Amino acid sequence: MFIASPNHKTSYILESSGEMAGMRQSDRWLIAMVVLLMVAGMLAVYSSIAYFAEMKNTTAASLVFGHLMKVGISFIVLVIFSKIDYHIVAKLARIGVILSWVFLTVVTLYGNEVFGARRYLSIGGLSFQPSSFATVALLILVVVLVVEKKDYIKSFTRAFLPTLMWISITCLLIGLEDFSSAAVLFGLSLVIMFIGRASVVQLAALVIVGVVGAGFLLSQSLERQSRINNYVEQVVQIKSDEFVLGAGYQAQQAHIAIARGGTFGVGIGKSTQRDFLPAPYNDFIFAIIAEEYGLLGAGFILLVFMGILIRGIVFIARKAPDELGMLIAVACTLTVVIYGFVNAAVACGLFPVTGLPMPFVSYGGTSMLFSGAMIGILLNISKQAVEIE
């Protein structure tokens with residue numbers, strides 16, 4: 001693993017290392033695990049999309065075909081980013097974050113409202129979720145800032161405040177319409193700064209800023225407050241054992257689906273809860289997998305995400321040629337894996353309903369596209385891996 005010497009220049013880190021690229025093949029285990037998730041997602045979407053198709057006055061076949069197209073585009077994006085030197089991607093991070101601010105502002109004002117939140121922009125008939133773009137851009141920028149400022153990383157004015165400015169603005173713009181994505185992004189940014197040896201005291205202050213910001217965002221939405229209150233009442237305090245429409249309905253139906261699945265599941269295409277769960281093809285797709293494939297199938301999906309975590313951290317980040325590559329690998333790996341685990345945790349009732357998709361499994365285009373981009377960046381770093389003695 002790369003260890004920066006005190007006089008190592010950041011400019012050198014951000015230089016393109018073209019001569020190193022192509023020396024190794026991409027991490028085949030990582031590719032295989034992503035393909036497994038894509039296949040599992042296609043089967044789960046096929047099983048859960050019928051009711052959604054009826055609501056949209058279309059056919060399940062057309063929606064499944066659309067999902068297959070998105071999977072294919074995501075894989076193409078993965079391949080493209082695997083061939084772009086990650087140093088080049090790092091150089092574009094600031095531009096990417098600023099551009100994401102424009103998109104996030106526009107979506108707040110003019111975005112399509114779905115389930116009470118404006119998260120999507122329609123451009124040329126295609127839906128685009130700016131928060132996914134902002135997540136990737138900000139995490140890479142935080143890595144760049146940590147590496148650029150590593151010689152004075154504990155300085156409050158030279159390192160902490162500039163980084164805090166980028167994080168705060170981005171998370172605030174996302175949080176106005178998508179609190180859960182903002183919270184995960186904020187937490188990932190903290191992890192990157194901690195690994196980059198930022199001051200623990202300053203990070204503690206950042207946590208306080210995050211808590212205050214979260215309180216503000218929660219106070220602006222009755223729907224968010226309802227989700228938190230319902231989670232505390234029905235899951236933590238277990239005050240209600242009745243299944244009712246309205247508050248808690250989503251989580252209750254997900255619990256029924258998981259319970260029906262048992263150990264081996266009811267069989268592919270035999271889910272009944274897909275007709276009762278809101279967004280079973282997206283937010284609650286893990287519940288459909290658990291119902292049809294049981295504990296074994298759901299556990300297999302989680303093991304695949306664990307495999308991605310191990311490959312990304314132990315075999316790619318640890319062998320990255322420089323600190324920039326190491327931190328980007330950690331950021332991309334944790335983002336994909338945490339999104340997957342949070343989606344599963346929501347279905348199991350461990351977390352309040354968040355609306356976060358499961359990477360490569362849930363139906364949708366924007367999330368899958370940027371998940372493909374992050375895996376592609378990981379593969380490019382794996383090509384430039386160095387041997388550790």
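The values are calculated or read from the model by the stated rules, or taken from the named source; none is laboratory data. Here the structure is a predicted model, which means the values were calculated and not measured. So basically every Cβ, Gly included, is an ideal-geometry build from the backbone, and we count neighbours across all protein chains shown.
A compact table of results
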read-out: Residues located in the range 259-296, provided they are of a type in the set (S, T, N, Q) and either part of a helix (DSSP H, G or I) or touching a residue at least 60 places away in the same chain (Cβ under 8 Å) (or both); value: SER271, GLN273, ASN282
read-out: Contacts under 6 angstrom Cβ, first residue in the range 43-58 being surrounded by fewer than 18 Cβ atoms within 10 Å (Cβ to Cβ), partner among the small types (Gly, Ala, Ser) and at pLDDT 70 or above, 6 or more apart; value: ALA53/ALA60
read-out: Any hit, the range 154-168, residues being among the basic types (Lys, Arg), outside any helix (DSSP H, G or I), on the phi < 0 side of the Ramachandran plot and modelled with pLDDT of 90 or more; value: yes
read-out: Among residues of the range 331-357, those that are among the β-branched types (Val, Ile, Thr) and closer than 18 Å to PRO280 by Cβ, counted; value: 4
read-out: Filter result for SER226 (within 30 Å of LEU121 (Cα to Cα), at pLDDT below 65 and not acidic (Asp, Glu)); value: yes
read-out: Qualifying position, being of a type in the set (Gly, Ala, Ser) and at pLDDT 90 or above, among ALA287, ALA251, ALA257; value: ALA287
read-out: Flag for ALA385 being part of a loop (DSSP other than H, G, I, E, B) and over 20 Å from MET193 (Cα atoms); value: yes
read-out: Close pairs from the range 297-326: first over 30 Å from ALA287 (Cα atoms) and in contact (Cβ under 8 Å) with a residue 40 or more places away in the chain, partner outside any helix (DSSP H, G or I) and among the small types (Gly, Ala, Ser), Cβ under 6 Å, at least 6 apart; value: LYS319/ALA385; GLU323/ALA4; MET326/ALA320
read-out: Residue within the range 312-323 that is under 15 Å from the mean Cα position of the chain (by Cα), assigned to a helix (DSSP H, G or I) and under 18 Å from SER362 (Cβ atoms) present; value: no
